[in-house]
Amino acid sequence: MTDQATLFTNARLIDPAAGTDTPGIVLLQNGRIAAVEKGAADPAQLLHDRGIAARDVTKVDCSGKCLAPGIVDIGVKVCEPGERHKESYKSAGLAAAAGGVTTIVTRPDTAPAIDSPETLEFVTRRAQADTSVHVLPMAALTKGREGREMTEIGFLMDAGAVAFSDCDHVVSNTKVFQRALSYARSCDALVIAHPQEPILSKGAAATSGKFAALYGLPAVSPMAERMGLDRDIALLEMTGARYHADQITTARALPALERAKANGLDITAGTSIHHLTLNELDVAGYRSFFKVKPPLRSEDDRLAVVEAVRSGLIDIISSMHTPQDEESKRLPFEEAAAGAVALETLLPAALRLYHAELLDLPTLFRAMSLNPAKRLGLESGRLVDGAPADLVLFDPDVPFVLDRFKLRSKSQNTPYDTQRMQGRVEATYVAGEPVYRRD
């Protein structure tokens, strides 16, 4: 953080709170946004009104490129402790900065799981030492993510946990989950769950239907997601807990989510960028880089989820960044590990929806920046006076072909390898300081 002011001129301002996409200027001071002026603003007049000498200002001519709040990415896996060869805090921080992600909210599905204050403090220290972006850790909901005994939620919150999740290990014991939700409610803790019926979805590599049958892949019905969400909603009615569904990926789950919101439950929902931009047919040829959890869905499901993001029924888009090494992915599809890296590809992939005229830029940044920040009680995610100066400058139109070997993550298991993308990050700012500039 510095006293030096930074002035962005000739910018295309993406304001997710106001829902606007307009030209304007932005002034940063002391790590925060000092002024936002939309329309035909005069930079010299702004500096004069603020009593700032031109020599004390770093000027950034955006040349008509987009300036938006930095992305707040919920559900990032950093493989420390236990699997540092797949992803470290240093490599994840570099990938986040290059992707316009200014805050990463890390998952606890490490080895061992982040289920004690000591483990949480270890990863917090490592993140602070090795990354230039903000890192907020989640902690496990149950010890070892085994679904038998809940963790010390209060102590973990004191140690810095911003939410609690067992990730894709669904707590199948309803009584244990109910008790954990009740205790989380007493602490005002946010619980992030993976809505899947665990028995039906166990071992599934694809979504049931003609494609899975043709390829001979073990499959799960979309109803497994609906059943898992229905159970969780019933428990929310019992406990009144704060709840976020990490990934809603099927049309069948959307009516239940809509009813839960209409009934006043404290529920939000997210989806992954892969489920918004890919479908089950992309798996053709048994390409294991397209194996994610839950599996990719039908095109009808994909379009229904995109519409749910547009309407605001689904609140958050996240990368669900899950690094896997070559040995884990270069296996027969059924045996290959699930997951894809996406910190660096989240924004370019999201811009596919913009170029397809399915979602506008304020709506995308509402789901990627504003809503996740609001759900976690953060000040970021906004393009307003006084907000943290966490920003991304990007060109939505520049084309490129993605080369996975140029990604900054230690693992390069991206389904977008060799695909034509449109739109890339020019610079990322955290607390007003540049943490990434494109060469």
| Are there any pairs with C-beta distances below 8 angstrom linking a residue in region 294-310 that is free of Cβ contacts under 8 Å to residues at least 60 places away in the same chain and open to solvent by less than 20 Å² (accessible area, probe 1.4 Å) to a residue that is assigned to a loop (DSSP other than H, G, I, E, B) and hydrophobic (A, V, I, L, M, F, W, C), with the two at least 6 apart or on different chains, and if so which? | Val305/Ile248; Val305/Ile314; Val306/Leu358; Val306/Leu359; Val309/Leu359
| Members of region 376-424 that are under 17 Å from the mean Cα position of the chain (by Cα) and within 12 Å of Pro69 (Cα to Cα) | Glu379, Ser380, Gly381, Arg382, Asp390, Leu391, Val392
| task | Could you please find all residues in region 185-211 being among the aliphatic types (A, V, I, L, M) and over 16 Å from Ala338 (Cα atoms)? | result | Ala189, Leu190, Val191, Ile192, Ala193, Ile199, Leu200
| field | Residue under evaluation Ile273, criteria (1) closer than 20 Å to Leu141 by Cα; (2) among the aliphatic types (A, V, I, L, M); (3) open to solvent by less than 50 Å² (accessible area, probe 1.4 Å), criterion not met | value | (1)
| query | Looking at Asp158, Asp130, Asp115, Asp166, which is the one that is at pLDDT 95 or above, within 18 Å of the chain's Cα centre (by Cα) and among the acidic types (Asp, Glu)? | reply | Asp166
| Pairs with Cβ under 7 Å, 6+ apart, first in region 49-74 and in a strand (DSSP E or B), second among the acidic types (Asp, Glu) | Pro69/Asp390
| remark: Scanning region 182-201 for residues that are under 20 Å from Gly377 (Cα atoms), small (Gly, Ala, Ser) and out of contact with any Lys or Arg (no Cβ under 9 Å at 6 or more places or on another chain) gives Ser186, Ala193
| task | Answer yes or no as to whether Gly270 is assigned to a strand (DSSP E or B) and at pLDDT 95 or above. | result | yes
| message | Here is a list: Leu383, Leu343, Leu364. Which entry is out of contact with any helix residue (DSSP H, G or I) (no Cβ under 7 Å at 6 or more places or on another chain), buried (at least 23 other Cβ atoms within 10 Å of the Cβ) and in contact (Cβ under 8 Å) with a residue 40 or more places away in the chain? | response | Leu383
| said: Return the pair list, or none, for Cβ contacts closer than 6 Å from residues in region 111-125 that are touching a residue at least 12 places away in the same chain (Cβ under 8 Å) to residues that are of a type in the set (Val, Ile, Thr) and in a loop (DSSP other than H, G, I, E, B), at least 6 apart or on different chains. | reply: Asp115/Thr151; Leu120/Ile114
| task | Using the structure shown, decide if Ala180 is within 18 Å of Ala139 (Cα to Cα), touching a Leu at 6+ places or on another chain (Cβ under 7 Å), open to solvent by less than 40 Å² (accessible area, probe 1.4 Å) and touching a residue at least 12 places away in the same chain (Cβ under 8 Å). | result | yes
| Any idea which of (1) surrounded by 17 or more Cβ atoms within 10 Å (Cβ to Cβ); (2) in contact with a helix residue (DSSP H, G or I) (Cβ under 6 Å, 6 or more places away or on another chain) is the one His244 doesn't satisfy? | (2)
| note | Going through (1) more than 30 Å from Arg84 (Cα to Cα); (2) under 17 Å from the mean Cα position of the chain (by Cα) one by one, Tyr354 fails only at (2)
| If you check every pair at least six apart or on different chains, which have Cβ atoms under 8 Å apart with a residue in region 156-173 that is hydroxyl-bearing (Ser, Thr, Tyr) first and a residue that is surrounded by fewer than 20 Cβ atoms within 10 Å (Cβ to Cβ) and outside any loop (DSSP other than H, G, I, E, B) second? | Ser172/Pro198; Ser172/Ile199
| said: Take the residues in region 186-204 that are among the polar types (S, T, N, Q) and in a helix (DSSP H, G or I); name whichever of them is most open to solvent (accessible area, probe 1.4 Å). | reply: Ser186
| message | Only one of Thr207, Thr239, Thr249 is farther than 18 Å from Asp166 by Cα, β-branched (Val, Ile, Thr) and open to solvent by 10 Å² or more (accessible area, probe 1.4 Å). Can you tell me which? | response | Thr239
| message | Go through region 364-387 and report how many residues are closer than 17 Å to Val105 by Cα, hydrophobic (A, V, I, L, M, F, W, C) and in a helix (DSSP H, G or I). | response | 5
| Quick check, is Arg408 without any contact (Cβ under 8 Å) to a residue 40 or more places away in the chain and closer than 19 Å to Val341 by Cβ? | no
| field | Filtered residues of region 25-48 (kept if within 20 Å of Val430 (Cα to Cα) and without any contact (Cβ under 8 Å) to a residue 40 or more places away in the chain) | value | Ile25, Leu27
| note | Checked Arg310, Arg352 against criteria (assigned to a helix (DSSP H, G or I) and closer than 15 Å to Pro415 by Cβ); the one match is Arg352
| task | Evaluate the following for Ala44: is it out of contact with any helix residue (DSSP H, G or I) (no Cβ under 9 Å at 6 or more places or on another chain) and either closer than 13 Å to Ser409 by Cα or open to solvent by 30 Å² or more (accessible area, probe 1.4 Å) (or both)? | result | no
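The values are calculated or read from the model by the stated rules, or taken from the named source; none is laboratory data. Quick caveat: nothing in here was measured; it's all calculated off a predicted structure. With ideal geometry, Cβ positions are generated from the backbone for all residues, glycine too; neighbour counts draw on all protein chains shown. Areas reflect the complete protein model, heavy atoms only, side chains present, ligands, DNA and RNA absent. Shrake-Rupley method; radii C 1.70, N 1.55, O 1.52, S 1.80 Å.
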